Amino acid sequence: MVKDILLLFLLHSVSTLYVRIDGDNGNDSDCLMPPQTTCRSLKYVADTINNTGNLIIEIISPTLSIQDNVTFTGIDGLTINGQGESLTTIQVQSVTAGISFLHCGEVVLANFILTTVTEPLLCDSHHNTSEDQCSFTTNGNYSLFFLNPKKLTIKNCNFISSNDTHAAYNGTLIKLSNTTGAANISIHNVFFSNFTVGLKVLLYNSFYNTLYVNNTKFMNNKIGFDVIAINSSNSSISVTASQFNGNKYHGLKISYDKSCSNNFMIFGCTFSNNTGCNGVSMSLVLAKNSTSNIFHGFGSRFIHNSAKYAGGGVNIDLSPTEGYHNTYPSNNTITFEFCDFNNNNGSYAGGVGIIMASVSLNYKKKPNYIKFRSCKFEYNKASSGSAVHVNRNIPNESGDYFVALVCFYNCKFLGNGQPHPKFKAKGNAALQSGAFYANKVWVYFGKETIFRDNNGTALQVSDTSIEFKDKSTTIFINNSGIKGGAILLTGNSELYIKHNVSIIFNGNRAVSYGGAIAVLHLQVQNLAYSDKCFMSLNFDNSNSKPIFNFTGNKCDSGFGNDLFISNLESCRARCKTLSHMHNVNITDIFSSKCFGTFNFSVRSIATPTKSLSVSQVINAIPGIPMKLNITQKDMFDNDTSALFPLTLTVSGTNNIRINPHVITNNTHVTFHGNPHDTAQLLIQTETMTSISVTAELNLMECPPGFIFDKTDSCVCSALTNNRYQGIRYCTSNYSAITPNFWAGYLNISNATNTTFVTGHCSVKLCNYNNTEHKFGFYQLPIDYDKEKLNDYVCSSNRTGTLCTKCIKNHIVSYHSPSFKCEPSHHCHYGILLYILSELLPITIIFIVIIIFNIYLTSGTLYTFIFYAQIIDNMSPNGFNTISFTRSESMALDILQTVYGLTDFNILNADSLSFCILNQDLSILDLFMFKYATTLYALCLVLATIIILKLNSLYTCIKLCRNTIRPFENKWHNYLDLFLLINLVLFNMLTISNYFISVWKTDQEMYIGIPIPVIQLALMLSPIIIMLAILIVYFTGGRIKVLWNKRLERLDDLNASFPARLLEDTRKSLSLCLKSSAREKKAYKITTF
């Protein structure tokens, strides 16, 4: 009792009480009694001294521990100082511990570090939240708590939570509740880190307060600085030269609820690397009739912030609170000047997000103003509104009055785009976002605004009015997008142009249409809005009308390099109203007579599809994709097929199915149904314009090589068990057939319809117009009908089954290996040519044989006779079913020419062929002339026998025989060897070509060696064999002995020439007519 009286006397006897605290060496027992000593704990001082005048506490120990809550109450002037520059550390050791200042007059905290020890065991696990959540709760505990201070100064302090932001512990709370006097709060050079909320200021029913935050850092908190004003007014908050870095939900959060006439300013602050859901750097919410508040951001930077949803930089919400209808804020002004928004990103609103509502015209409140002056939006990214995203928040409420008007003056939008570089606008993979996106709002652009190098369209608006203020200049340079490189207007959007406006479009690019501007307005059905154009003017003075300059803009489709407009007719109607002209053409619309001066470039304007055309009858094959070849044209005769989708609808009694129902760029369409089914096909545009056309749809029979199956489709026969011979595979354009097959239609069993069949055919007769595929197959196009198929399958001028007939007025040529058909008027000298090429040579050959005593059935030339009889049967001719390459055919022609010299068939070539009679001769008819030639030769033999029997030419024959004899001894053996080698060579070549053609035709037969190597080896092998025979023949001694013996035998034969000649003639006839086994045996012995 005595101590309390002495303490009370001490407090009233001095104006200021000084207390020193040493957490290491102090002693709380009687430390406040005269003479004063050093106290040990802050709690002892707070519990002992309250409701007094001035108290100065100096902490002299390096550290001070707080185990429980410390509360200072009712002290008029309280100062707590640390050790100056060394900053005394105050450790809060409990989650419920902290320092509270209740109803103190003036509080000064300086030069200490307040560390909240929140190890996992001390944390409140019920309040921990994961980082991916967009909301969280706290336990209400604060390391520092100030209630209604009249003056508060915090300087040179660090407030740190020793654990991470998962700890449910808050930093500092300043609460001004139910105060009418002015509170002055100053925070200077303070550091808030790792708290749930670093610094929170709550103004509740409080007025005329001043808060000044300077050179303060908010780092790694969930919320760095949280300001809440509820039913408060006339307060002023300033944040200057401060940093908000690495906060997980918001760097700065400002909420006004039923508050008015408050001022909030940030100056020279930096917001960087903050993350969260919405407004991660700064979130500004005005709700519940808040009015006349002013926010001013000046010279601040928002860098590398990332939002999960909206507002990587700033998010402004002017919508009513849920459950409180018609509680819109009004007459608030939000201004950002000389601020930079750089490299921020979000799902939408990468830089700045603005949410508001539109209301009806009878709304009486004053609008809010959101202004950006001389701000730069650079390299921000979002899928929509990468730099700025302005949107109406309440879709079910509509009206022409907007809660806020958004203005941009002297702003720059540079390099904003989609979240990832791969989304850059090239092809359909690019996103349509808009560096500046606005929906159902009113936006102003004043003075000089620049959009440069933005990706995904620079300015995209929907149901929005864009007003270009008086004497303003807007520049769009090198922006890109899918639809509209610089500007995309959709819905009921328009450009509202005022006096002396200049808009420049240079080097912008679009993928689909509208290199600079794309206007995609919906069709206006109401006649009252039939003249709704994409532009609107509010004056009539032609001298001040806007100027639009277009240079170097490009559309990848070449469709509207400068302007694509969907409602050009509406602009024509609007132009009539403005110009008072009865007849308005397109040139008038884009001139000073109407909307201003438009300096367009080449192929500048395009519109949606104006006309639609297609064939009146469409013949489709069930199950096979086809193109409908639909033509779409716009008002300027540009082709729009690649840009605008078409809807296909089938109507009729037949069950015809179609896939797909929507096509673009004449993509393939597949119809399913039964052959000969018919229906009506309706084709109509899907977007912007309503144009349709109908066509008759007929389903055709399956094409060659296809079979109709149970799926109402024609399928390739090669894929079924019921396959056609020779058909190997099919595509949507043709079926592939083996070269040695014929394909056509035949009437089988007197059926009503013909049947598709295939069969073996000579490649000379069936050449398929030389459309050989790289795999060695021929192509049967699906669009050939039955009548024209023969023209395609057969070689030139041929027709009929297996291509065995010539077309009308054409005759099969004689001496043609390919049995070509030539015009019948070339047959005037056919008989004469037959005599000269067939009968005359045989006669000459026969006379030479007789005169020169050439042996026919034995001896030297028997090999030649045998070779000449079979050479034609072995050589490839018109009936050959082997396909040769071009090089193989050339080699074969050369060999046939060489062999033709030996068998006197040198005239057997297409170039030397001729028709015999001007009659319809078949190939078999030509063989009649071959047999006639053979019969003529037989007649010559019979005539010779008769003449020799009469002995009438004996003397002449003997004379000729004696003249020729010296030459035959030298060369007749060489002739035997030459003919033998040629016979082997030709057989090898024929065999090699056969196997090569088999390998080429049957792709399944593959032995791992390239076919050209095999072909070369087979063609060289006869030459090697021939060289070996020649070496043996000319170097072997035995051959020379045999040579001499044969000479002696020839001398014996010459001694009895006449008798021997008669004997040879008799044997020749006997060989042709009887062919006895004994003579064959003798023939072989003689040959060897």
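The values are calculated or read from the model by the stated rules, or taken from the named source; none is laboratory data. Keep in mind that what you see is a predicted model, and the values were worked out from it rather than measured. Cβ: placed from backbone, ideal geometry, glycine included. Neighbour counts: every protein chain shown.
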Query raised in the report: Does the range 278-293 hold any residues that are surrounded by 24 or more Cβ atoms within 10 Å (Cβ to Cβ), polar (S, T, N, Q) and under 22 Å from residue 380 (Cβ atoms), and which are they?
Result: 281, 283
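This table checks each residue for (1) at pLDDT 95 or above; (2) in the same structural domain as residue 143 (by TED's automatic domain parsing); (3) more than 48 Å from the chain's Cα centre (by Cα).
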position: 202; (1), (2), (3): no, yes, yes
position: 207; (1), (2), (3): no, yes, yes
position: 220; (1), (2), (3): no, yes, no
position: 236; (1), (2), (3): no, yes, yes
position: 247; (1), (2), (3): no, no, no
position: 260; (1), (2), (3): no, no, yes
Query raised in the report: In this structure, does residue 494 turn out to be in contact with a Ser or Thr (Cβ under 6 Å, 6 or more places away or on another chain), charged (D, E, K, R) and buried (at least 18 other Cβ atoms within 10 Å of the Cβ)?
Result: yes
Query raised in the report: Would you say residue 758 is at pLDDT 80 or above and hydroxyl-bearing (Ser, Thr, Tyr)?
Result: yes
Query raised in the report: Just for the range 304-315: of the residues that are in a strand (DSSP E or B) and of a type outside the set (Lys, Arg), which one is surrounded by the most Cβ atoms within 10 Å (Cβ to Cβ)?
Result: 314
**Report entry** Spans of strands (runs of 3 or more DSSP E) in the range 191-303 with at least 3 residues over 24 Å from residue 354 (Cα atoms)
**Finding:** 197-206, 210-214, 217-219
Requested in this report: Please tell me if residue 436 is over 20 Å from residue 484 (Cα atoms) and either buried (at least 21 other Cβ atoms within 10 Å of the Cβ) or modelled with pLDDT of 90 or more (or both).
Outcome: no
Query raised in the report: Somewhere in the range 589-600, is a residue of a type in the set (Phe, Trp, Tyr), more than 30 Å from residue 783 (Cβ to Cβ) and under 31 Å from the mean Cα position of the chain (by Cα)?
Result: yes
Report task. Consider residue 44 carefully, then state whether it is aromatic (Phe, Trp, Tyr), assigned to a strand (DSSP E or B) and modelled with pLDDT under 90. Result -> no
Query raised in the report: Pairs under 8 Å by beta carbon, first residue within 26 Å of residue 769 (Cβ to Cβ) and surrounded by 11 or more Cβ atoms within 10 Å (Cβ to Cβ) in the range 742-755, partner at pLDDT below 80 and β-branched (Val, Ile, Thr), six or more apart or different chains?
Result: 745/754; 746/754; 754/748; 755/748
Query raised in the report: Which one is modelled with the lowest pLDDT, of the residues in the range 356-372 that are of a type in the set (Ser, Thr, Tyr) and closer than 14 Å to residue 318 by Cβ?
Result: 363
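Restricting the search to the range 254-277, which residues are crowded, with 22+ Cβ neighbours inside 10 Å and within 25 Å of residue 194 (Cβ to Cβ)? Outline the logic, then answer.
Of the residues in the range 254-277, the ones crowded, with 22+ Cβ neighbours inside 10 Å are 254, 256, 259, 262, 264, 266, 269, 271, 274, 276.
Within the range 254-277, 254, 266, 269, 271, 274, 276 meet the criteria.
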Report task. Give the residue, chosen from 73, 37, that is under 24 Å from residue 150 (Cβ atoms) and surrounded by fewer than 17 Cβ atoms within 10 Å (Cβ to Cβ). Result -> 73
Requested in this report: Being of a type in the set (S, T, N, Q), crowded, with 24+ Cβ neighbours inside 10 Å and closer than 26 Å to residue 332 by Cβ is the filter here, so list the residues in the range 185-208 that pass it.
Outcome: 206
Report summary line: By residue number, the members of the range 788-829 that are surrounded by 20 or more Cβ atoms within 10 Å (Cβ to Cβ) and assigned to a helix (DSSP H, G or I) are 790, 793, 803
